[in-house]
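Participant: Pasting in a structure now, in structure tokens, and then I'll have a few things to ask.
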Amino acid sequence: MLFGLNQYSRSEMTAEGSYILKLAVPILIAQAAQVGVGAVDTIMAGHASADDLAAVALGSNVFLTLYITFLGIMTALQPVLAQLYGMGATAKIGAHGRQGLWFGLFLGVFGMLLLWALIKPLQLVLNMPDDYVNQTFAQFVFYIAMSMPAAMIHRAFYAYASSLNRPTPIMVVSIIALLLNIPLNWILVYGQFGLPAMGGAGCGLASMICFWFNAVVLGIYVTRHRYFADFCLWQRFDWPHWGVQKNLLKLGIPIGLSFFLEVSLFTFISLLVARFGVTQVAAQQVVISITSLIYMLPQSIGIALAVCVGQAIGAGQPQRARFISGLGLIMGLIMACFTGVLLLVFRHFWVGLYTTDVAVIALGANLLIFAAVFQLSDATQTITSYALRGYKLTKVPMIIHAFSFWGLGLGLGCLLGLHFGMQLYGFWLALVLALTVAAVALVYYLVKQSQAYIIRVGQQK
């Protein structure tokens, strides 16, 4: 049987599955809270004016593309710490944690400067006719760019806490930050307590404050909680070790590119379908919003799986790492079947939550059929990618994602949608094929590499 799952008893599967879920559920809630911050920005800006909403939407797309890419790069820290935890190398965990904070700081500052540098060129490229939208866009990006150092430092603490089996504080701090973002937006966007009304720009400032809150509070928790004392994060001060920084960057860049390839695929498709009319654009946006929320489910299992696999590899248990990979994949497939059925059966209802336009609901419901079909392949490729990261295998998955997402998803989508006149359906058919190819290729690679790792460790013994 695939991954040798038939060699394990039901009680072993239940115990390991419970361990994965124990990590995955707090991560899922934390991710939902972080997505909620962006939702609050959109709602508050929309109630201010249509111009503010447009500026925030454009600025958010720019920020999120870079933010998600850099999060991928920071993900490199997680398998490193998880494997050290599996080895029981407590002192090394602290040392690499300190280097991870430097890594996050460097990456965050670079991201902030890059966003600032992009403001003027983007204003020219976007060619916004309204001066207010143009100015608000620039102010929003300026403020939210200052959250990048905090976001990357937070991700270093995130990797540290989750790799040491403590995801709950990440969840709690994220929920508090979401609750903080609501009054901050109200005060800054609309001008309360004598402050000037900043409009959409206030959303950027509020989000920036929340990002820094996330980083500082999670850092304080990790610093002061006695559970983390044995891992010696603050045992001493270390300057950056450039060899470690280089290794993290080498491991993280392929992950970041994989993240970028996926998020940019949907961004480019959204831009290309704009020529088909308002109804198609609206339906596309609604369905992407729905599928993005569902994506958090397999992603949360994947993040937990990367930790579990990394710990097993660090402990010198490659057979267990292979078992965990297969079990996590089965869990994701069961969950994907459930979400796929819900999407298919209630597709008109889900789209109707976003709009009352009959034409948009009809088209969106049709697109959700494609989304329901690719739930299995999307969950598979997502979870398998994270399992491979637990092994520190990132280059080949990046190549698979490049071929699948841009070669098939975008290339074939343009051919079917634009050349053969299938329009929106052509792009979504290509998405289904792209995700399926990625899923099959990644599972094949994981099966081969996990087996090869068992053989290699056996020969070393």
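Read-outs throughout are calculated quantities, based only on the coordinates presented, and are distinct from any laboratory measurement. These figures come from a predicted structure and were not determined experimentally. Cβ sites come from the backbone with ideal geometry, for glycine too, and all protein chains shown count toward neighbours.
Participant: One residue is enough: does segment 108-117 have a residue meeting the conditions in contact with a Leu (Cβ under 9 Å, 6 or more places away or on another chain) and surrounded by fewer than 17 Cβ atoms within 10 Å (Cβ to Cβ)?
Facilitator: yes
Participant: So how many residues does segment 293-323 have that are within 30 Å of Val62 (Cα to Cα) and without any contact (Cβ under 8 Å) to a residue 60 or more places away in the chain?
Facilitator: Final tally of qualifying residues: 0.
Participant: Just to verify a result, which residue in segment 351-371, among those that are within 26 Å of the chain's Cα centre (by Cα) and buried (at least 22 other Cβ atoms within 10 Å of the Cβ), is nearest to Leu431 (Cα to Cα)?
Facilitator: So, considering only residues that are within 26 Å of the chain's Cα centre (by Cα) and buried (at least 22 other Cβ atoms within 10 Å of the Cβ), the one nearest to Leu431 (Cα to Cα) is Ala371.
Participant: Another question about this same structure. Among Leu435, Leu424, which is the only one that is touching an Asp or Glu at 6+ places or on another chain (Cβ under 8 Å) and crowded, with 19+ Cβ neighbours inside 10 Å?
Facilitator: Of Leu435, Leu424, the one residue that is touching an Asp or Glu at 6+ places or on another chain (Cβ under 8 Å) and crowded, with 19+ Cβ neighbours inside 10 Å is Leu435.
Participant: Touching a Lys or Arg at 6+ places or on another chain (Cβ under 8 Å) and closer than 18 Å to Leu442 by Cβ: is that true of Ala306 in this structure?
Facilitator: yes
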